[in-house]
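Undergrad: My questions will all concern the structure given below.
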Amino acid sequence: MEFNQTVMARRSLRAYEEGKTVEKAQIEELIRFAQMAPSWKNSQTVRYNAVEDAALKERIATEAT
């Protein structure tokens, strides 16, 4: 797929399926791709956090609202 086709086909997802999980390998792959993106002035200040523990996710969701 050409870059312009990829950009034009992108979408924003606002509705999430309850109980659907993302595999750890998929998260790691997404982070690897994100690390390839350039940073402003090569500052390299990005940090990624992936929460897998259900209780901690619930706590974050509750406290973030």
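Undergrad: Leaving out ligands, DNA and RNA, and with a 1.4 Å probe, what % of the accessible surface on the chain is carbon or sulfur?
TA: Carbon-and-sulfur percentage of accessible area, whole number: 54.
Undergrad: How far apart, in nm, are two points set 7 Å out from the Cα along the Cα-to-Cβ line at ILE60 and at THR45?
TA: The two pseudo-label positions are separated by 2.1 nm.
Undergrad: Next up: Accessible area per residue of the chain at 1.4 Å probe, in Å²?
TA: Result: 106 Å² of accessible area for each residue.
Undergrad: Another question, if that's okay. Could you give each residue of segment 32-48 its phi-based ³J(HN,Hα) in whole Hz, using Karplus coefficients 6.51, -1.76, 1.60 with θ = phi - 60°, and x for Gly or Pro?
TA: Here the 3J(HN,Hα) series is 4, 5, 5, 5, 7, 6, x, 10, 4, 6, 6, 6, 6, 9, 6, 10, 10 Hz.
Undergrad: I'd like the Kirkwood hydrodynamic radius of the chain, using the inverse of the mean 1/r over distinct C-alpha pairs, in Å.
TA: Here the Kirkwood hydrodynamic radius works out to 15.1 Å.
The values are calculated or read from the model by the stated rules, or taken from the named source; none is laboratory data. Just so you know, these numbers come straight off a predicted model, no measurement behind them. FYI the Cβ positions are ideal-geometry reconstructions off the backbone, even for glycines, and counts take in every protein chain you see. Note: accessible area is taken over every heavy atom of the protein model, side chains too, but ligands, DNA and RNA are not part of it. Shrake-Rupley method; radii C 1.70, N 1.55, O 1.52, S 1.80 Å.
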